[in-house]
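Below you'll find the structure, written out as structure tokens, and then a few comments.
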Amino acid sequence: MTAFTAHFTFEFRTGMRNATLLLMNYLFPLAFYALMGLVMTRINPLFAETMVPAMVVFAAMAGPLLGLPGPLVEAREAGIYRSYRINGVPAASAVGVPTLTTALHSLVVAVIIAVTGAPLFGGTPPSSWIAFAAVTLLTVSTFSAIGALIGVVSANSRATVLWSQLVFLPSMLIGGLMIPLALLPPSMLLAAALLPSARAMQAFLGLAYGEATTLDPLVSVCVLAATLVVAGGLAVYLFSWDSAGQSRKGRPALALLVLVPAVVGLFLG
């Protein structure tokens, strides 16, 4: 426990001191939040109704998807994980500690957005803060697990950018953050339903705001929870101690299994 605490504290401080991680974990999501609050709410006043959950989902994506995978690959390429293995550090800790610290950074940003959204930009507060907090924790945890999986299976830092953007960009465009899912054509809605961001927004709106949703909010919560378990389990299973990948137990293509909960969710609602 002492070793875990020391490792966790070190990783958390690194996230505050490293310029790139500080940008992805705090500056980027907070700057985008301020921009949306100042500009988007004036262009589209209806955006104020969903601004708070949308920006919380954005914060949940920014750090885990854009900031977490790169350092995981860099640590593997630098031989840091080999030293961990020699010293008896389990794979679950090697992957889990940076994932947990990134999730904690994202939760701090989510709290800032939730507290300041209404007084600063006229955002609509949730009708149930308990549901809002629960969905926030689940959303941040799910994207953190996905970010860890991307870092584990990526061959190099350039690959992390590709895979991260493959999730991040569609989430921004059709994930329900900027455009309500109800306005999407049916064919696009099917693609959107595969995205964790869309499921998170539907869970927020249905459970924390009590509004009508396009996708079942309870099914969305189950999809997020299942994705969290699958992504986290695959990240540990596919973890490699060296850049050659010789210590990996399975093929990186197994990471596609993370889509199974989303595909099953299509048939449930």
Counting only residues that are part of a helix (DSSP H, G or I) and not hydroxyl-bearing (S, T, Y), which one in segment 77-92 is nearest to K249 (Cα to Cα)? A91
What's the number of the only condition in (1) buried (at least 24 other Cβ atoms within 10 Å of the Cβ); (2) touching a Phe, Trp or Tyr at 6+ places or on another chain (Cβ under 7 Å); (3) farther than 21 Å from A133 by Cα that T101 fails to meet? (3)
Quick check on T124: is it closer than 29 Å to Y209 by Cβ, surrounded by fewer than 22 Cβ atoms within 10 Å (Cβ to Cβ) and either free of Cβ contacts under 8 Å to residues at least 60 places away in the same chain or in contact with a His (Cβ under 8 Å, 6 or more places away or on another chain) (or both)? no
G176 vs. criteria without any contact (Cβ under 8 Å) to a residue 24 or more places away in the chain, in contact with a helix residue (DSSP H, G or I) (Cβ under 7 Å, 6 or more places away or on another chain) and not in a helix (DSSP H, G or I): no
Verdict on S144 being crowded, with 17+ Cβ neighbours inside 10 Å, closer than 22 Å to L68 by Cα and either in contact with a His (Cβ under 6 Å, 6 or more places away or on another chain) or not aliphatic (A, V, I, L, M) (or both): yes
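Matching residues to (1) surrounded by 21 or more Cβ atoms within 10 Å (Cβ to Cβ); (2) touching a residue at least 12 places away in the same chain (Cβ under 8 Å); (3) closer than 30 Å to G250 by Cα; (4) in contact with a Ser or Thr (Cβ under 8 Å, 6 or more places away or on another chain):
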site: V109; (1), (2), (3), (4): yes, yes, no, no
site: I113; (1), (2), (3), (4): yes, yes, no, no
site: T116; (1), (2), (3), (4): no, no, no, no
site: L120; (1), (2), (3), (4): no, yes, no, no
site: V140; (1), (2), (3), (4): yes, yes, yes, yes
site: A148; (1), (2), (3), (4): yes, yes, yes, yes
site: N156; (1), (2), (3), (4): no, yes, yes, no
If Y26 meets every condition in (1) part of a loop (DSSP other than H, G, I, E, B); (2) at pLDDT 90 or above apart from one, which number is that one? (1)
So which residues in segment 187-236 are of a type in the set (S, T, Y) and in contact with a Gly (Cβ under 7 Å, 6 or more places away or on another chain)? S197, T213
Step by step: first the residues of segment 237-256, then only those that are in a helix (DSSP H, G or I) and exposed (fewer than 13 other Cβ atoms within 10 Å of the Cβ), then the one that is modelled with the lowest pLDDT. Which residue is that? A253
Could you tell me which of the residues L259, L169, L234, L190 is in contact (Cβ under 8 Å) with a residue 60 or more places away in the chain, in a helix (DSSP H, G or I) and out of contact with any helix residue (DSSP H, G or I) (no Cβ under 8 Å at 6 or more places or on another chain)? L259
Return only the number of the condition from (1) in contact with a Pro (Cβ under 8 Å, 6 or more places away or on another chain); (2) at pLDDT below 95; (3) farther than 26 Å from V52 by Cα; (4) surrounded by fewer than 22 Cβ atoms within 10 Å (Cβ to Cβ) that T160 does not satisfy. (4)
Which of the following residues is within 14 Å of L259 (Cα to Cα), part of a helix (DSSP H, G or I) and modelled with pLDDT of 95 or more: L224, L218, L207, L138? L224
Tell me which residues, restricted to segment 29-73, are assigned to a loop (DSSP other than H, G, I, E, B) and surrounded by fewer than 22 Cβ atoms within 10 Å (Cβ to Cβ). N44, T50
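The values are calculated or read from the model by the stated rules, or taken from the named source; none is laboratory data. No experiment lies behind these values; they were computed from the predicted model shown. Don't worry about glycine lacking a Cβ; one is built from the backbone with ideal geometry, like all the others, and counts go over all protein chains shown.
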